[in-house]
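Below is one structure, written out as structure tokens; comments come after it.
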Amino acid sequence: MPTAFPLSWPEGWPRTLASQRSTSRFRTRYADAYDNLVRQLTLMGATQVVISSNAPLRRDGRPYTEAMEDDIADPGVAVYFRVGRDDRAMARDGHPTPAENLHAIGHVIEALRSIERHGGSFMMRRAFSGFAALPAPASRPWHEVLGVSPTASTAEVREAHRTLIARHHPDNGGSVDVAAEINAARDAALKERGA
């Protein structure tokens with residue numbers, strides 16, 4: 001089960017390197033970003049909402065505003081929710097503050113909702129199928145999943161991942177579970193190497 005603090009990043013979602021983060025062109029306060037996101041999720045009929053970040057929580061369970069608006073080491077935000085019987089997850093870490101990332105997620109959900117408002121419920125369900133909360137990957141060691149030596153270099157890990165994900169990605173007829181395991185293996189290998 002995802003937690004509001006610390007950040008519970010969804011399996012299979014790529015992370016943005018700190019050097020690649022950029023300030024959002026939309027300046028917003030955390031309270032406004034939060035209110036917009038909650039409004040969009042409510043209009044969508046979402047339930048069981050968990051907003052996860054590395055911003056410490058107040059007694060009421062919401063993050064401290066200052067932490068959401070400051071540059072922090074890991075500004076990622078993940079939002080978990082249920083629509084009907086389907087569990088969904090969306091995440092963003094491309095901006096330097098959690099508030100900016102939360103704001104971006106709110107805009108994406110609003111855009112997806114507009115598909116439904118214009119008569120595209122089937123299209124919206126298909127669009128959201130890519131945001132399904134993926135199952136936890138198997139517990140095989142990363143080097144077994146990627147088919148490399150435990151001492152493989154970062155370049156070898158990236159190449160093995162690229163080859164395997166091209167073959168097993170769901171967009172290419174592969175399995176969601178296998179793709180999640182491959183992505184998790186890559187993430188574990190890079191984390192072990194500090195890359």
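Once you sort the root eigenvalues of the Cα gyration tensor of segment 136-186 as a ≥ b ≥ c, which label holds: rounded (a/c under 1.5), prolate (a/b larger than b/c) or oblate (the other case)? Since a/c reaches 1.5 but b/c is at least a/b, the shape of segment 136-186 is classed as oblate.
On the basis of the beta-carbon distance and an R0 of 35 Å, Asp177 and Ile72 show a calculated FRET efficiency of 0.60. Take the Cα of Thr65, step 7 Å toward its Cβ, do the same at Gln48, and the gap between the two points is 3.2 nm.
Decide, for the chain, between rounded, prolate and oblate: order the square roots of the alpha carbon gyration tensor eigenvalues as a ≥ b ≥ c, take rounded if a/c falls under 1.5, and otherwise choose prolate if a/b is larger than b/c, else oblate. Oblate is the answer for the chain, as a/c is 1.5 or above yet b/c matches or exceeds a/b. Taking chymotrypsin sites (Phe, Trp or Tyr not before Pro) as exposed when their DSSP state is a loop state and no more than 13 other Cβ atoms lie within 10 Å, the longest site-free interval of the chain runs over 65-195. In order along segment 166-176, the phi-based Karplus estimate (6.51 cos²θ - 1.76 cosθ + 1.60, θ = phi - 60°) of 3J(HN,Hα) comes to 4, 7, 10, 5, x, 5, 9, x, x, 9, 4 Hz; Gly and Pro are listed as x. Structural descriptor for the chain: relative contact order 22 percent, calculated from alpha carbon pairs under 8 angstrom and at least 6 residues apart. Straightening the chain between Glu156 and Arg58 buys 30.9 nm, computed as 0.36 nm per residue apart minus the Cα-Cα spacing.
Computing Rg and the Kirkwood Rh from the Cα coordinates of segment 1-105 gives a ratio, Rg/Rh, of 0.94.
Tell me the carbon and sulfur percent of the accessible area for segment 2-70, rounded to whole percent, probe radius 1.4 Å.
Values: 2170 of 4270 Å².
Ligands and nucleic acids excluded, carbon and sulfur reach 51 percent.
Report summary: the helix-based calculation at 222 nm, which adds -39500 (n - 2.57) for every DSSP H run with n ≥ 4 and divides by the residues of the chain, gives -14000 deg cm²/dmol.
Accessible area per residue for segment 1-63 in Å², computed with a 1.4 Å probe and the full protein assembly in place, what is it? Mind dumping the intermediate values first?
Values: 4010 Å² over 63 residues.
Ligands and nucleic acids excluded, the figure is 64 Å² per residue.
The values are calculated or read from the model by the stated rules, or taken from the named source; none is laboratory data. Everything numeric here is computed off the predicted structure, so don't read it as measured data. Cβ: placed from backbone, ideal geometry, glycine included. Neighbour counts: every protein chain shown. The area values use the complete protein model at the heavy-atom level, side chains included, leaving out ligands, DNA and RNA. Shrake-Rupley method; radii C 1.70, N 1.55, O 1.52, S 1.80 Å.
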